[in-house]
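A short write-up of the structure that comes next.
The values are calculated or read from the model by the stated rules, or taken from the named source; none is laboratory data. Keep in mind that this is a model prediction, so the values were computed, not measured. Backbone-built Cβ (ideal geometry, glycine too); neighbour counts: all protein chains shown. Areas reflect the complete protein model, heavy atoms only, side chains present, ligands, DNA and RNA absent. Shrake-Rupley method; radii C 1.70, N 1.55, O 1.52, S 1.80 Å.
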Amino acid sequence: AWKWFYWCPILLLGLVALSFMSQTQFQTWNHQSERKQAEHKMHEIASQNKPNLRRKEQDTAVICVVQKEEYNYIDEWVDYHLAIGFSDIYIYDNVNQEQADYMVDWQEQRNDPRIHLIPYPGDKVQVPVYKDCARRVAKYNHTYVTFLDVDEFLVLKQHQSVLELANDYISPQQGGGHLAINWEMFGTAGRHSYEPFPVTQRFQCIYQTIRNEFVKSLIRVQDLDPVDRIRSPHTFPLRNGTQRIDTSRRMVTSSRHEGPRDVAVINHYYFRSFEEYVNKRKRGDVFYGAKGANPGHSQSNLTAQALAGLDPNGNPIPSGYKQDDSAWKTLRQLVPAYEKYETNGPQEPFECSDEIPPEIAPKTTDTVALCTIHKDETWYINEWVDYHFGMGFSDIYLYDNSDEIYHLLEWTKRHSDPGLHYTDFTGEGMQIAAYQACIERAKQRQHTWLMFLDIDQFLVLKQHDNVLDFAKQYGQKGHVAINWEVYGTAGRSIYEPFPVTYR
């Protein structure tokens, strides 16, 4: 009896402590346990790869990737990237223990010492995976590394291999650093269903979108530092004294950059077919997890949008408008086994049927565009946009640097003006980067004049009816400088929901 009297309070305290443990902690324990079980199960496979995991004595380029139920695509993706010169591919398998068998069996069948499989179950794993892989590739003395997804293919346009590309731009002789390479987004090519044929063969229709401004990075491993500061799948921490450049050797300051596409691009097969895009949304996102970047972009909401035929921004899923088969040609040339699909290919016809989207189509008449960066100013944006459209600006490019991007994104959808262009542009110190991106877009769309204002600044014309007439009179030979007129509080101490220009 005294033993029960002694142990019962201790057991009770233990149960109480467990009851207060957060669900997150239990999930963490569970994921760690799953990883250990998967690692134990894969020990025999990993031991076969050890000879290839010695420190490298020659220049090598490697890929880090997170795989989440991409079983239908992984073979083509691996074949392609090994063929263009990557020495090793580190595949982190983001599935639970019950699903781990597939990739283990796949690796056994491939029996390729260049492929390294690492189990990594859990939610929002992309950044932790990239940190782990960055340390791994440094440990084995790899020279260059890139971080890709299974729907991204690096396309080389002037080099025979990825090592040639890297040595031309970020070798020690070139000063090292990071090379930023732009996305080239591809649409569905009008395909509705999955067929068991190569992605690069089935989808060859470029989808023109502002998302093409995003870059991915090819990095000299020694110049990725500090690893703990990795935050994004697009750009990575730079070692002091090094630079991030594009293939024209221009500096790149953020994840969004309109760079050249004549040397290399990342073909991004974001949608594949309608059926495959829906399945992609059901699988979930390895960066944002089930909750998504904001309430409107949760896994359930994005899946519902996909089923309705809409992309994450509420626009129809695109087919694409211009054919590009460069990745498919490369795969057939370098991996002859894929030649068989030329005579026995997809049954569903494809078509690049989209017109150039009006939001990116070049202008054919004189226009004045307006660029701004917005940060949590949704109380004022409606008046500001209405005012400047009323002044005759043809397009307003709105770069959203808010902490909660959901609110302005939803407002943009409701505003539904074809001249209003929304871009998520989060990060610290982003105003100059936003302006640089806007300049590139204005050039691409062939605007005649461009102005940069903040949301608390209103252009007032005293002798002209619209900004285009003003620009034609004063802006024919360069830049026009216009003075501020600074306004005070008018004695008001609180916010009221009335126009700024009235209050």
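Numbers for the structure displayed
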{"item": "Residues of segment 143-158 classified as under 26 Å from TYR269 (Cβ atoms), in contact with an Asp or Glu (Cβ under 7 Å, 6 or more places away or on another chain) and open to solvent by 10 Å² or more (accessible area, probe 1.4 Å), total", "result": "1"}
{"item": "Hey, TYR130 modelled with pLDDT under 95, assigned by the TED database to the domain that holds PHE287 and either closer than 20 Å to LEU179 by Cβ or open to solvent by 50 Å² or more (accessible area, probe 1.4 Å) (or both) or not", "result": "no"}
{"item": "Only one of VAL62, VAL66 that is β-branched (Val, Ile, Thr), within 19 Å of HIS268 (Cβ to Cβ) and open to solvent by less than 60 Å² (accessible area, probe 1.4 Å)", "result": "VAL66"}
{"item": "Qualifying residue in segment 149-161 (condition: over 20 Å from HIS234 (Cβ atoms), in a loop (DSSP other than H, G, I, E, B), under 24 Å from the mean Cα position of the chain (by Cα) and among the β-branched types (Val, Ile, Thr))", "result": "no"}
{"item": "Filter pass, ASN212 being surrounded by fewer than 23 Cβ atoms within 10 Å (Cβ to Cβ), in a helix (DSSP H, G or I) and under 19 Å from the mean Cα position of the chain (by Cα)", "result": "yes"}
{"item": "Hey, ARG114 among the charged types (D, E, K, R), in the same structural domain as GLU70 (by the TED database), without any contact (Cβ under 8 Å) to a residue 40 or more places away in the chain and farther than 19 Å from HIS178 by Cβ or not", "result": "no"}
{"item": "Candidates THR330, THR253, THR303 - the one that is of a type in the set (Val, Ile, Thr), open to solvent by 50 Å² or more (accessible area, probe 1.4 Å) and either out of contact with any helix residue (DSSP H, G or I) (no Cβ under 6 Å at 6 or more places or on another chain) or in the same structural domain as GLY175 (by the TED database) (or both)", "result": "THR253"}
{"item": "Residue ID - farthest from the chain's Cα centre (by Cα), chosen from residues in segment 216-250 that are surrounded by 19 or more Cβ atoms within 10 Å (Cβ to Cβ) and within 15 Å of GLU440 (Cβ to Cβ)", "result": "THR247"}
{"item": "Residues of segment 440-450 that turn out to be open to solvent by 40 Å² or more (accessible area, probe 1.4 Å) and either touching a helix residue (DSSP H, G or I) at 6+ places or on another chain (Cβ under 9 Å) or at pLDDT below 90 (or both), as a count", "result": "5"}
{"item": "Residues within segment 463-480 that are open to solvent by less than 100 Å² (accessible area, probe 1.4 Å) and either not assigned by the TED database to the domain that holds HIS447 or not in a helix (DSSP H, G or I) (or both), tallied", "result": "5"}
{"item": "Test: TYR71 is assigned to a loop (DSSP other than H, G, I, E, B), over 18 Å from VAL137 (Cβ atoms) and of a type in the set (Phe, Trp, Tyr)", "result": "yes"}
{"item": "Which listed residue, of HIS415, HIS388, is modelled with pLDDT of 80 or more, open to solvent by less than 70 Å² (accessible area, probe 1.4 Å) and of a type outside the set (Lys, Arg)", "result": "HIS388"}
{"item": "Some residue of segment 168-184 being outside any loop (DSSP other than H, G, I, E, B), surrounded by 17 or more Cβ atoms within 10 Å (Cβ to Cβ), among the polar types (S, T, N, Q) and touching a helix residue (DSSP H, G or I) at 6+ places or on another chain (Cβ under 7 Å)", "result": "yes"}
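Quick grid of which residues meet (1) modelled with pLDDT of 90 or more; (2) assigned to a helix (DSSP H, G or I):
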residue	(1), (2)
PRO357	no, no
THR364	no, no
CYS371	yes, no
ASP403	no, no
TRP411	no, yes
HIS421	no, no
ILE432	no, yes
TYR435	yes, yes
